[in-house]
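The values are calculated or read from the model by the stated rules, or taken from the named source; none is laboratory data. This structure is a prediction, so every number in the text was calculated from the model and none was measured. Cβ sites come from the backbone with ideal geometry, for glycine too, and all protein chains shown count toward neighbours. Remember, those area values only see protein heavy atoms, side chains included, never the ligands or the DNA or RNA. Shrake-Rupley method; radii C 1.70, N 1.55, O 1.52, S 1.80 Å.
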Amino acid sequence: MQTTELWIKKEDSSVRKKLLDYNLSQVTDELTDHVDTIEITITNDNDVLVAGITASIYWKQMHIDFLWVDESLRGQNKGSELLAKAEDIARQYNCRYIQLETFSFQAPDFYKKRGYTVFGILEDSPCDGAKQYFLKKILN
């Protein structure tokens, strides 16, 4: 028996494919293994990236993968603007909810103020004393 380590693109994973095949056999026909990924960015006058958000849409849900705002723009509602645009897209895709993760040293309060609720917390993640928050927002 041999163990192999292989760096692959997510969509090329044999293990992922097997699990998705099983999952799809257990749910309604309207769900597929298709994933749409959106990236919304803000650039300055010099075309330099100063803020952005990426999200994945699948199975009637959106997962916010990353939200970043340059320190020079924090407090100017750029994060809120990006999140609102992502939420609009989620509604266009008829997503039921949005989920995301954030660390205690990042922005849990930012998301809570925008209607996200905590459904899980990992202590000492990613390091001692920090917390990893799992949040969701139900869409109407």
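A few remarks follow.
- Rolling a 1.4 angstrom probe over the protein heavy atoms with all chains in place gives the chain an accessible area of 71 Å² per residue.
- Each of 134, 105 has its accessible area taken with a 1.4 Å probe; listed largest first, they run 105, 134.
- Under the criterion of Cα pairs below 8 Å and six or more residues apart, the relative contact order for segment 9-140 equals 16 percent.
- Hz values of 3J(HN,Hα) by residue in segment 79-85 - Karplus curve (6.51, -1.76, 1.60), Gly and Pro given as x: x, 5, 4, 5, 5, 5, 5
- Most tightly packed first, judged by the mean number of other beta-carbon atoms within 10 Å of their residues, the peptides 75-88, 109-122 read 75-88, 109-122.
- Helix 14-26 axis versus longest C-alpha principal axis of the chain: approximately 80°, rounded to the nearest ten.
- Of the solvent-accessible surface of the chain, computed with a 1.4 Å probe over protein heavy atoms with every protein chain present, carbon and sulfur atoms account for 50 percent.
- The distance between label points at residue 123 and residue 26 comes to 3.0 nm (points 7 Å beyond Cα on the Cα→Cβ vector).
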